[in-house]
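Notes follow once the structure below has been shown.
The values are calculated or read from the model by the stated rules, or taken from the named source; none is laboratory data. What you are looking at is a predicted structure, and each value in this text was computed from that prediction instead of being measured. All accessible areas refer to the heavy atoms of the entire protein, side chains included, with ligands and DNA or RNA removed. Shrake-Rupley method; radii C 1.70, N 1.55, O 1.52, S 1.80 Å.
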Amino acid sequence: MPKCPSCDKEVYFAERVSSLGKDWHRPCLKCEKCRKTLSAGSHAEHDGKPYCNNPCYSAMFGPKAMFGERGSKKTR
């Protein structure tokens, strides 16, 4: 029986949501930043973690987040 990557409990077939190559409980598939519940296939991934496409993923990992307003790479 697969385990949910969020809560580490067993995921039964009837409650399973598959995303990012793993099986999740529906309420456990949440954006890492804002904690909004996500649906399978309608979100982004970074380092194996789910993020909502807007605003979290684009704000954290999109072009402006990585390069700033003028296009020069930010140092973190």
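Between Ala59 and Ser42, residue separation times 0.36 nm minus the direct Cα-Cα distance comes to 4.5 nm.
Note on exposure: Phe61, Phe13 ranked by accessible area (1.4 Å probe, complete protein assembly) read Phe13, Phe61, with the most exposed listed first.
For Lys33, list the aspartates and glutamates whose Cα falls under 15 Å from its own Cα; do not include residues on the same chain fewer than 8 positions away. Cross-link targets: Glu45, Asp47.
In square angstrom, what is the accessible area per residue of the stretch 16-61 with a 1.4 angstrom probe? Let's see the in-between values first.
On the way: 2690 Å² over 46 residues.
With the other protein chains kept in place, the stretch 16-61 gives 59 Å² per residue.
Ordering Met60, Met1 by accessible surface, largest first, gives Met1, Met60; the 1.4 Å probe counts only protein heavy atoms, with every chain in place.
In the stretch 16-61, how does Rg compare with the Kirkwood Rh, expressed as the Rg/Rh ratio over alpha carbon atoms? Mind dumping the intermediate values first?
Working: Rg = 9.6 Å, Rh = 10.4 Å.
Over the Cα atoms of the stretch 16-61, Rg/Rh equals 0.93.
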